[in-house]
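K.L.:
Can you read through this structure? Questions will come right after.
The values are calculated or read from the model by the stated rules, or taken from the named source; none is laboratory data. The structure presented is a predicted model; accordingly, all values stated were derived computationally and were not measured. Cβ coordinates were reconstructed from backbone atoms using ideal geometry, including for glycine residues, and neighbour counts include every protein chain displayed.
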Amino acid sequence: MCGIVGAIAGRQVQDILLEGLRRLEYRGYDSAGMAVLSDDGQLERRRAAGKVAALENALKEASLPGCLGIAHTRWATHGRPLERNAHPHMSGNKLAVVHNGIIENYESLKQELEAEGYAFTSDTDTEVIAHLVAREYDRCGDLLAAVEGVIARLDGAYALGVVHADEPQTLIGARKGSPLVVGVGIEEMFIGSDPLALLQVTDRFIYLEEGDIVRLTRKGAEIRNAGKAVEREITTFEHGDGAVSRGGYRHFMLKEIYEQAGVVSATLEGRLTENHVLTRSFGAAADTLFDQVDAIQIVACGTSYHAGMVARYWIEKLAGIPTQVEVASEYRYRDVVVPRNTLFVTLSQSGETADTLAALRFAQSQNKYLGTLAICNVPGSSLVRESELSLMTQAGPEIGVASTKAFTTQLVALLLLALALRHQRQGNDDVQANAVKALRHLPDVLKETLALDSAIETLSAAFAEKHHALFLGRGPQFPIALEGALKLKEISYIHAEAYPAGELKHGPLALVDSEMPVIAVAPNDELLEKLKSNLQEVRARGGELFVFADSRANISEGEGVHVMTLPQVDELVAPIIYTVPLQLLSYHVAVLKGTDVDQPRNLAKSVTVE
């Protein structure tokens, strides 16, 4: 969601900024723009509604030479996706601003500025920032001080990039509630909302912390927080630049589906003994803290929320600890009753999901939780830095908006958590030893499951003309059904819902007819026979069944019943395996329908606004 790139260098920056925007396209956006300060001191801007390609065409017609500039991809929050609402926004012809986030008090600030004669040319909240900084700069003559003064008046979330023609050697960045990193080069510096935007120029980054404001020159970075100078560590990015290429696959999503065996293996590496999970994988204090846990609260959004729902089954079954799972955007808007010694667990691919991060901060402000644990894919993210314990999922960069490998590695991490909590309570036992064996075998089973790709592609043709679909699962497979429905609706735009199969007769059965495909996941578990009865209810109403089943499930193909046989797998890790064919089904249906698989309409990868 929204992307920022900025550069100050001894070379031309237009192409650097443009490539950075291309690398941020996965985040979701509806317009793009760039402002560059030319060598003769003119600040010029180009903007375009639509894709980065439209901006690129505009730059071919009229390039932006210069060594200082900022660029942006916008996901509309205030104002329609039109060129006049695209960033950068300017005040006069000397100052330009790019902004991620939402300024909640912009209306009152706008009224104040209009009363002083400032004219607004957009419908955005960001233009308020541009005029405020310009006014403050006229008063103090220092860009860092001007931005510092303005952000003290802003309510809401922001990441900012600011340039001024009167300070041609200065690039300002600031963050509160929205991520921003500094890229460190040789005699050149950069800002970006994501390290991936800058990997073509550097692999060294400073992750700005909440409230940081930074002045960049070609010589380095000066960082301040709450009016005081601070130091931030420079870290090296762990993944190669090839992580942002499709590597021969038609789409990033397909590439990331196929990467799952490898990233699951990486997530397990170094975290297992022969018969149990290493508790210290979650942090040095995990041994002591896990001993005290009497309850768990999981908070997450979207796909991560579904992972948390699966974890509830695992944690309560394996560790005997009562577990609650809640949507992050709802959690902090109610009166929360916190059981004694509750561990607060957050899940996020990016570690910058606005609702999840706000939920963590709300939980910490209550001073009622035993501790906080983040399960995340980005080591330097806000969620990780602000949590007491953390476990990295090792999924690597995920570019496709529809999450695949991030989800399966979250599931693996949550199963590790359930097993670690069990081990803290009762030491080694056969349950843990068998689980570890199943986890070690998991990458190989994932490879076997991926071998079904061509058969699933053939199956997907039955969905090409459908407008609705129903997904069914029981027990820990119900959240997997939810995830399957989410994937299908996200990228194919087919309306899809998921239900516990036992709920069919309580309402959803009314929807079932020959035009409503019903997809079910049927591992060989204790609920299999009950699931079979539910599937008979579907066939009795003329519904067409698509069943992903264990070979031991004894579900036969027949009229209106299509069965895809999956490898035999331990019941404990079955939710991870049964996720994969649903991802492939959604992918192939979307390709048939001709949608934009990697960048589905109206969606963003990293949701950094509430």
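K.L.:
Would you confirm, using the coordinates I've provided, whether ILE321 is more than 27 Å from LEU24 (Cα to Cα) and either crowded, with 24+ Cβ neighbours inside 10 Å or of a type in the set (Gly, Ala, Ser) (or both)?
P.N.:
Taking the combined requirement at face value, the residue does not satisfy it.
K.L.:
Restricting to the range 85-129, give me the number of residues that are surrounded by 13 or more Cβ atoms within 10 Å (Cβ to Cβ), in a loop (DSSP other than H, G, I, E, B) and of a type in the set (Ser, Thr, Tyr).
P.N.:
3
K.L.:
Could you please let me know if ARG139 is out of contact with any Leu (no Cβ under 9 Å at 6 or more places or on another chain) and either part of a helix (DSSP H, G or I) or buried (at least 21 other Cβ atoms within 10 Å of the Cβ) (or both)?
P.N.:
yes
K.L.:
Further question on the same structure: Output the residue which, of all residues in the range 65-84 that are crowded, with 24+ Cβ neighbours inside 10 Å and hydrophobic (A, V, I, L, M, F, W, C), is nearest to the chain's Cα centre (by Cα).
P.N.:
ALA71
K.L.:
Can you name every residue in the range 293-335 that is aromatic (Phe, Trp, Tyr) and farther than 18 Å from ARG422 by Cα?
P.N.:
Of everything in the range 293-335, those that are aromatic (Phe, Trp, Tyr) and farther than 18 Å from ARG422 by Cα turn out to be TYR305, TYR331, TYR333.
K.L.:
Given the criterion more than 23 Å from GLU44 (Cα to Cα), more than 22 Å from the chain's Cα centre (by Cα) and of a type in the set (Gly, Ala, Ser), identify the matching residue among GLY173, GLY185, GLY177.
P.N.:
Exactly one of GLY173, GLY185, GLY177 is more than 23 Å from GLU44 (Cα to Cα), more than 22 Å from the chain's Cα centre (by Cα) and of a type in the set (Gly, Ala, Ser), namely GLY185.
K.L.:
Given the options ALA406, ALA363, name the one that is small (Gly, Ala, Ser), surrounded by fewer than 24 Cβ atoms within 10 Å (Cβ to Cβ), over 16 Å from PHE282 (Cα atoms) and outside the structural domain of ILE577 (by the TED database).
P.N.:
Residue meeting the stated conditions: ALA363.
K.L.:
Let me spell it out: the conditions are (1) farther than 18 Å from GLY484 by Cα; (2) part of a helix (DSSP H, G or I); (3) of a type in the set (Ser, Thr, Tyr), and THR579 meets all of them except one. Which number is the exception?
P.N.:
All conditions are met except number (1).
K.L.:
Determine, yes or no, whether VAL569 is in a helix (DSSP H, G or I) and either more than 30 Å from GLY3 (Cα to Cα) or at pLDDT 85 or above (or both).
P.N.:
Values: in a helix (DSSP H, G or I): no; either more than 30 Å from GLY3 (Cα to Cα) or at pLDDT 85 or above (or both): yes.
No, not satisfied.
K.L.:
What tally of residues in the range 366-398 results from selecting those that are under 19 Å from PHE282 (Cα atoms), charged (D, E, K, R) and assigned to a loop (DSSP other than H, G, I, E, B)?
P.N.:
1
K.L.:
When only residues in the range 166-209 that are in contact with a Cys (Cβ under 9 Å, 6 or more places away or on another chain) and buried (at least 24 other Cβ atoms within 10 Å of the Cβ) count, which is modelled with the highest pLDDT?
P.N.:
SER193
K.L.:
I'm trying to understand the selection: among the residues of the range 167-196, which are within 18 Å of ILE234 (Cα to Cα), assigned to a strand (DSSP E or B) and of a type outside the set (Val, Ile, Thr)?
P.N.:
GLY173, ALA174, ARG175, GLY183, MET189, PHE190, GLY192 - these are the residues of the range 167-196 that are within 18 Å of ILE234 (Cα to Cα), assigned to a strand (DSSP E or B) and of a type outside the set (Val, Ile, Thr).
K.L.:
Report whether or not GLY400 is touching a helix residue (DSSP H, G or I) at 6+ places or on another chain (Cβ under 9 Å), crowded, with 18+ Cβ neighbours inside 10 Å and more than 17 Å from ALA574 (Cα to Cα).
P.N.:
yes
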